[in-house]
């Protein structure tokens, strides 16, 4: 399966602007600029989109792992925080933190922790990243 998205950038880095679109139509000309990426201005940026992809992928992977182990979750909620740092030679995504909570009837804390860590390692987006990925997974009662 292939997924496609495209980006167009016009102008120089600081004064220019761009748009990001996805073939699915969920993103269509979403604007991004230097300010949305590096200065916290309203709007999207590549790191936010990576965070969204990782949160979605991880939630699906954990749900699958839990259900495969006989403990289907009521829900899994994940927030991913992508850190972009200045490094030698430019910028790099240096870490991603996953914050997850889930309601999983009948599961032990140890089994949940194992499933959460397996999902962190096995999620396709986790496998893509060349950054430290941390996780805080909370089993709700």
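The values are calculated or read from the model by the stated rules, or taken from the named source; none is laboratory data. Treat the numbers as computed from the prediction; the structure is a model and nothing was measured. Cβ sites come from the backbone with ideal geometry, for glycine too, and all protein chains shown count toward neighbours.
Quick one: residue 24 ticks every box in (1) assigned to a helix (DSSP H, G or I); (2) more than 16 Å from the chain's Cα centre (by Cα); (3) exposed (fewer than 15 other Cβ atoms within 10 Å of the Cβ) bar one, so which box is it?
With respect to (1) assigned to a helix (DSSP H, G or I); (2) more than 16 Å from the chain's Cα centre (by Cα); (3) exposed (fewer than 15 other Cβ atoms within 10 Å of the Cβ), residue 24 is out only on (1).
Which of the following residues is within 21 Å of residue 138 (Cβ to Cβ) and either in contact with a helix residue (DSSP H, G or I) (Cβ under 9 Å, 6 or more places away or on another chain) or not in a loop (DSSP other than H, G, I, E, B) (or both): 31, 80, 92, 35?
Values: 31 fails: within 21 Å of residue 138 (Cβ to Cβ); 92 fails: within 21 Å of residue 138 (Cβ to Cβ); 35 fails: within 21 Å of residue 138 (Cβ to Cβ).
Just one listed residue meets the conditions, 80.
How do the pairs read when you match residues in the range 94-109 that are more than 23 Å from residue 48 (Cβ to Cβ) and not assigned by TED's automatic domain parsing to the domain that holds residue 77 with residues anywhere that are surrounded by fewer than 21 Cβ atoms within 10 Å (Cβ to Cβ) and at pLDDT 95 or above, using Cβ under 6 Å and keeping only pairs 6 or more apart or on different chains?
Listed by first residue and then by second, the contacts come to nothing, as the list is empty.
When the residues of the range 102-134 are narrowed to those that are at pLDDT 95 or above and assigned to a strand (DSSP E or B), which ends up farthest from residue 76 (Cα to Cα)?
103
Would you confirm whether or not the range 87-97 contains a residue that is surrounded by fewer than 16 Cβ atoms within 10 Å (Cβ to Cβ) and farther than 25 Å from residue 45 by Cα?
Scanning the range 87-97 turns up no residue that is surrounded by fewer than 16 Cβ atoms within 10 Å (Cβ to Cβ) and farther than 25 Å from residue 45 by Cα.
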